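A quick write-up on the structure given underneath.
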Amino acid sequence: MTQIRAYKLAEELGVDRNELVEKAQAFGVALKSPMASLTEAEAQLLREKIGGARSGQVVERRVERAGGAAVIRRRKRVAPPPKPEPVAPAPELAEGEEGAAAQPVLPGVSGVEPEAPAPEAPVLEPSAPVAPAVAERPAAAAEPRGGEAVARRGEGDAAAAPGRGKQRKRVREVVNLREQEQIARQVTSRTLRRSVTVDPRALASPRRRRRDAPAPKPVPAAKPKPARRVVRVEGAVAVAELARLLGVKAADLQGRLMALGTMASLNQSIEVDTARQLAEAYGFELEDVGFREEEFLGAEPVTEGERVPRPPIVTVMGHVDHGKTSLLDAMRKTNVVSGEAGGITQHIGAYQVAVGDKRITFIDTPGHEAFTLMRARGAHVTDLVVLVVAASEGIMPQTVEAIAHARAAGVPILVAVNKCDLPEANPAQVRQRLMEHGLVPEEFGGDTICVDVSALKGSGLDQLLEMILLQAEVLELKAHGEKRAQGIVLEARLDRGRGVVATVLVQDGTLHQGDTLVVGTSQGRVRAMENERGQRLKQAGPAMPVQVIGLSEVPEAGQAVHAVESERVAREIAEHRAAEQRGRPVETRPRRSLEEIFAEAEGEGPKELTVVLKGDVHGSVEAVRDALEKLSTETVQVKVIHAGVGAISESDVMLAKASDAVVIGFNVRPDSAARRSAEGQGVDVRAYTVIYELTDDVRKAMAGLLPPRLEEKVLGRAEVRRIFQVPRAGTVAGSYVTEGLVRRNARCRLLRDGVQVWDGRIGSLKRFKDDAREVQSGFECGIGIESFNDVKVGDVVEAYEVQEAPAQLE
């Protein structure tokens with residue numbers, strides 16, 4: 001039984017295969033998918049149902065068969081072909097050409113007008129019997145081209161017996177159509193030859209046309225671009241890891257680091273800029289793909305026009321019991337001293353004092369150690385230092401240390417002479433003693449403001465506040481008021497009831513309740529803010545100290561505080577910092593010795609060697625200080641930022657670290673705490689018992705601050721006796737070495753009649769045809785000078801080299 005696939009029937013009927021499946025099921029035909037098979041009866045049913053529904057042009061004809069049987073034939077009505085448009089009469093042809101053919105349309109050929117299609121050629125009978133292979137073609141091949149309808153079966157075809165007659169008729173139709181096509185091609189070919197000149201290769205077969213076509217020109221291959229050699233690191237990278245990424249030996253990498261002036265172990269991390277220089281030396285490009293927190297912390301753009309004046313930040317310093325806290329208490333009208341043990345402030349407190357419509361922020365420290373500790377951590381907080389000196393006691397050792405620390409920080413000093421109400425007070429003597437330490441009062445023609453005050457009676461306080469505001473106007477202190485807050489932690493503690501409480505000084509921007517903060521490796525949300533009086537605040541502007549509640553960990557004093565846009569950013573920054581701390585090897589800061597100070601001296605102008613001096617007795621300290629200061633020259637100056645009596649203490653080490661100085665002890669040694677601090681902080685501590693050894697070492701260190709001297713050394717001279725022109729090498733001077741030697745790659749001068757005409761480098765040096773490293777006196781050689789060819793006979797080539805010599809003091 002003949003079967004047909006459903007999708008084939010769908011193509012025959014011109015419907016979608018899935019639509020055929022749905023309609024077949026609707027007509028009662030069990031069809032599951034387009035790939036299923038249909039019987040002839042089922043297919044005929046669907047043809048009638050679907051085909052009839054899609055086209056109403058169905059012709060039914062009743063045909064009578066022999067024997068009286070009637071058969072109903074259904075077939076689609078075929079639209080008649082369109083009638084041909086009237087054709088203009090064709091031009092007369094030359095003799096021997098057929099006139100029945102119409103000239104074809106040749107678009108794009110000048111001189112040939114388009115005409116209507118040629119009329120149908122008459123049907124011709126075959127002149128020869130048709131081969132059997134033609135007779136076996138299917139009936140579909142009998143469809144004529146050009147839209148002709150297939151010869152339909154007449155009514156008598158059903159009555160005729162199927163056989164050769166039907167087959168011969170189909171064969172005649174095929175042959176007639178082929179003959180018509182052949183005649184049309186001949187007529188078209190003759191018309192084309194008469195109208196235009198046709199390239200014979202265009203009518204040839206595709207295979208022949210490919211053989212006759214000219215060979216394509218070879219396209220030069222594009223030079224491949226050099227591949228980028230990229231090394232990706234995440235921030236600082238260890239020396240061993242960088243060597244692995246570059247594919248070089250770690251020892252070679254350490255050698256290049258030493259050439260750059262950096263000593264590093266294999267596990268020590270180096271900065272990205274240094275790693276980039278090393279990578280470029282090996283032909284690599286280094287990319288830092290690490291997390292950059294500055295992109296989040298400094299993402300908010302600000303302009304200079306948004307800066308507004310801010311209150312000054314004042315630090316109160318001085319000797320113990322000279323009245324620092326009492327003075328603050330008098331200015332802010334509260335009693336702080338009564339709740340403290342021994343009259344010494346136990347923590348860093350910050351307060352604001354209102355002076356009319358202006359404010360002043362005071363920072364009360366337990367001493368200069370905390371002030372120096374914050375400065376050593378890079379926290380530049382203070383704008384002005386108020387030095388409290390008791391008029392009854394005068395200058396004390398801690399007063400001198402406070403002066404040294406304030407000067408090292410480069411902060412202006414304003415002196416408050418306290419306890420002037422006591423009978424034994426002597427403010428004039430205090431001013432005279434201040435001049436011994438470099439502070440010249442305004443009364444004596446200097447620039448140091450001194451104000452006599454009494455914290456107990458409240459006298460002189462208004463004048464002190466006015467002088468502070470006047471100094472602030474001179475400094476022109478400004479900040480941004482609308483950006484995200486930035487500040488510093490003054491102190492922090494863990495409160496049992498409230499959690500982490502941090503005293504934060506807002507330095508720039510405005511801090512709001514609910515802001516997200518990141519401080520070191522801790523982060524959190526500002527749940528509450530309080531001022532020094534315990535009042536709740538919604539926001540805090542620049543130079544305002546507040547207590548912040550809501551951090552996740554207790555931060556360290558001196559750490560920076562940043563408000564960020566979201567908790568996600570704060571968490572990422574904190575986690576990144578914590579990961580860096582875990583991955584960073586424990587290492588101490590390299591000791592900055594006297595011999596290494598010169599490597600860090602950069603820039604122009606006079607150099608400065610800073611020293612912290614300690615001695616056994618006051619006389620020895622003054623003598624050593626005077627000897628050191630006399631070593632100063634116009635190019636290098638020795639600056640003793642602090643001189644004191646007694647053993648080298650931890651405070652001296654911290655001052656030296658913050659000021660980038662060295663500690664020199666004369667007949668004294670550092671105590672245990674100072675020695676541990678010096679080792680941990682990388683501060684160079686030197687102890688001497690002979691003053692001449694001390695001054696000699698300092699003089700060497702001063703010379704090391706100066707750049708090395710450049711000295712020129714002449715190697716030899718050679719006389720040019722002959723000139724050679726060498727292809728691709730330029731001019732080669734055949735020379736005779738008259739004195740010394742000539743070395744390849746050495747610097748050289750070309751002298752002509754005693755006048756220098758060129759200064760360059762010897763690029764090539766040969767003895768006969770061999771390359772030579774150097775040629776001694778009395779030998780001939782060929783000299784090629786880089787980038788210079790105008791050499792003449794009689795010229796003199798003088799080879800020399802430049803050497804660095806240690807600098808010498810004047």
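Overview of values
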read-out	value
Protein-only accessible surface order, largest first, of H642, H319 at 1.4 Å	H319, H642
Links that overshoot a 18 Å alpha carbon limit, given the list K8/K49; K639/K700; K358/K483; K657/K700; K478/K657	K358/K483; K657/K700; K478/K657
Pair E711, I691: separation of 7 Å Cα→Cβ label points (nm)	3.3
Formal net charge of residues neighbouring A350 (Cβ-Cβ distance under 15 Å; K, R +1; D, E -1)	0
Percent carbon-and-sulfur accessible area, the stretch 700-810, ignoring ligands, DNA and RNA, probe 1.4 Å	48
Total formal charge among the other residues, if their Cβ is under 9 angstrom from that of L765, Lys/Arg +1 and Asp/Glu -1	+3
D795 long-range amide H proximity, modeled H, under 5 Å	V720
Cα-Cα over 21 Å, subset of K419/K457; K713/K766; K324/K614	K713/K766; K324/K614
Carbon/sulfur fraction of accessible area - the stretch 414-561, other protein chains in place, 1.4 Å, %	46
V755, V400, reordered so the largest accessible area comes first (probe 1.4 Å)	V755, V400
Formal net charge of residues neighbouring A391 (Cβ-Cβ distance under 14 Å; K, R +1; D, E -1)	-1
Placed amide H near E287: partners under 5 Å, 5+ positions off or other chain	V231, R232, V233
Rounded to whole Hz, the Karplus (6.51, -1.76, 1.60) HN-Hα couplings of the stretch 385-402, x for glycine and proline	10, 9, 8, 8, 10, 6, 5, 7, 10, x, 6, 10, x, 5, 5, 5, 5, 4
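The values are calculated or read from the model by the stated rules, or taken from the named source; none is laboratory data. Owing to the predicted nature of the structure, the values given are computational and were not obtained by experimental measurement. Note: ideal-geometry Cβ built from the backbone for every residue, glycine included; neighbour counts use all protein chains shown. Side chains are part of the model used for accessible areas, which takes the heavy atoms of the whole protein and leaves out ligands, DNA and RNA. Shrake-Rupley method; radii C 1.70, N 1.55, O 1.52, S 1.80 Å.
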